1. In terms of the ratio Rg/(2.2 N^0.38 Å) built on C-alpha atoms, what value belongs to the stretch A:192-428?
2. If we count other beta carbons within 10 Å of each Cβ, what is the order of A:D438, B:D98, A:D218, A:D59, fewest first?
3. According to the Kirkwood expression over distinct Cα-Cα pairs, how big is the hydrodynamic radius of the stretch A:73-187, in Å?
4. Can you give me the Cα centroid spacing of the stretch B:29-63 and the stretch B:172-242 in angstrom?
5. What is the helix-to-structure angle for B:199-209, meaning the angle in degrees between its Cα long axis and the longest Cα principal axis of chain B, kept from 0 to 90 and rounded to the nearest 10?
6. How tilted is helix B:220-230 with respect to the longest principal axis of chain B? Cα atoms for both, answer in degrees (0 to 90, nearest 10).
7. Below 18 Å, Cα to Cα, which lysines can B:K200 reach? Residues fewer than 8 away in the same chain don't count.
8. Can you tally the net charge around B:V173? Count Lys and Arg as +1, Asp and Glu as -1, for every other residue whose Cβ sits under 14 Å from the Cβ of B:V173.
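A short reminder: the numbers here are calculations on the coordinates, not readings from a lab. Everything quoted here is computed from the prediction, not taken from an experiment. Heads up, the Cβs are rebuilt from the backbone with ideal geometry, glycines too, and the neighbour counts pull from every protein chain shown.
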Amino acid sequence: MDGPSNERIGRATGFGMVAQGDGYWYRPTSVEGIRDVFEAARRSGRKVVIRGSGRSYGDAALLPEGLILDFRRMNNILAWDPETGLLTAEAGVTLEQIWRHTLEDGWWPPVVSGTMFPTLGGALAMNIHGKNAYRKGTIGEHVTEIEVLTPSGRTLILQPDDDAFYEAISSAGLLGVITRATLQMKRVSSGDLRVLPLSCADWEEQFACMERFEGDADYMVGWVDAFAKGKSCGRGLFHAAWYLDEPAERPSSLRMDRQDLPDTILGFFPKSMVWRYLKKLNNRWGMRQINWAKYTASRLLGHGKPHPQSLVAFSFLLDYVPNWQRAYLPGGFIQYQSFVPKEHARRVFAEQFRMQQEARLESFLAVFKRHRPDRFLLSHGVDGYSLALDFKVTERNWPEVRRLAHRMNELVLEAGGRFYLAKDATLRPEDARAYLGDETLTRLRTRKAEWDPEGLLSSAQAERLGLV
Amino acid sequence: MSKYHHAIVVGASSGIGRELTLLLAESGCKVAAVARRGDRLEELERAHPDLVFGVVHDVIAYDDVPALFVETTGRLGGLDLVVYCSGVMPEVGPSEFDFAKDRSMIEVNALGAVAWLNQAATRFQNTRSGTIVGVGSVAGERGRVGQPVYNASKAFLHAYLEALRNRLSKHGVTVTTIKPGPVQTEMTARLNLAGAMPAKDAARMILAKASLGRDCFLKPTHRLIFWIIRNFPTRLFRKLKV
């Protein structure tokens, strides 16, 4: 394989478009091809970053001047058994490919992110969660086997009874390359969910909803208006959802055409254009109005009235407006997501809102979820709640946004909370050390020394956080 | 503060290139200073040990450039600015036609620029970003009696940079041609130029204009004078001593 040259260089961008870096792109189609990329890195004295669809918000899938191991051509589904629901695929398949492959047989991915575009490898590297995190945990908990290629050249087959399984998954692609995985899909008899919207007047009601449904609902998510102050702080719209049982043999709700998201709004307005209009409103004033309008609508329409919604429409809310992230151009945005133990969550999240309002840097979109701990190495799971906050970034406000993030970190760390590498763009080495703990970092480095003694795998994030 | 973070300056050992290197480093930009004379580069490294590193290279070693370019951007950790300011102007008598001298000007002023800036163009076209600055000269505006090939080499550079700009602007790349008038440098020391600008001032103006993406003179008076010279009737121009 040829070494890094100007013909291979290209810009890699995080999903939030704040983090960017130029690297040398390699798109292998086989495990042999991946070995060649490591060889090219060795010969040129450079490092390798693994990249899937580039849906991590920050700098996890880029490395300035490094070799970018782009997985998107390794996207074959290798085996599918509609009897057992076991699916084996190369790591470059996307969640979209997976559900499209299995749904008509009555199977749905056990855990999905809010978008269907991540690759399976990326999802495992970050060990993603969904709106069912409090019941089903992270995606790694539904994997029965992975194949890992270490930079040192070994191929390992790992199962949940290996410690290394819990390290390869969740370690952000810093230990080895997950080349394929077998996923246990979830049986569904309908392509629809029963969705219950509940408008919440404040944090009190948001938490009450989560507590009320956590033993029962299959999915839960809360949207929060970050502009609301005082008694209204925490107001928003909570959704619980349940799988439906359809008695029919092959219900039509499982069909592709019933799941596909429409490409227009109200039948004529093309969604591909929406981000351009959204951009006009994408400022503090406009977003205050949109958040207010969404909350007001939640009180007047649909409150407490369950309705059916397709799995795709409910699960992949972020895909509803294509390329919505571009509404944040030119500066981009970050997502700040913190995970806080349940006994401290209410206080910490209310205080995070107060800090944003004081700094006049309110999050334009705030999403609230319930979680549970897991045993993966770089885990973000806690027995508690997470709050994901989208902040618009401009050249001018970036130092302020970072300062705000660092102040919010202190609250999270004091409460024993955690962070999530798929989202992170602002953590400092001391924050990462504090939430991960020395024992975890020692385990990471011990395994790294075994699998990647030359330190070939890296990322801009890993270098920023001092993980490698 | 400059908005550049990683720069290559070719021709950094003296004159405008040296001052550009120092100014960029003072603004916090990491600079790869490329030049033939290693001892001069060490001085620059000593002035800014964390930000400047020297790359010893003779710009006429064209075949070395592709590998050296990639290696240099690797050491820099990125690239958003490339400035080509290598240039030679040997003394040429009023009736002298010396091929060796003429060849050296074309090799350094023109071909060296193509070797380096083709690399920059390839990279920036692919990353859809970046700024290329070429230091030309007002001397490239007309063929004059004193320096036929120096004039021609700078005219070549101007046309080449204009073509790069036209090719690359749609990829989000900025290409700026700087046409300095007389500047106090080693190259011009023997000429005793009246009213020559200190190299430091020239460098400051070049950095201020780097993002403009067009042909730039450094002073409005140069723009006017050279507009007149460019449009001066050729029959009369040949009678002048300029």
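1. Against the compact-globule rule of thumb, the ratio is 1.05.
2. By the 10 Å Cβ count, ascending, the order reads A:D438, B:D98, A:D218, A:D59.
3. 13.9 Å
4. Rounded to whole Å, the Cα centres lie 26 Å apart.
5. Rounded to the nearest ten degrees, it is 70.
6. Approximately 50 degrees, to the nearest ten.
7. Straight-line reach from B:K200, under 18 Å: B:K179, B:K209, B:K219.
8. Net of charged neighbours comes to +4.
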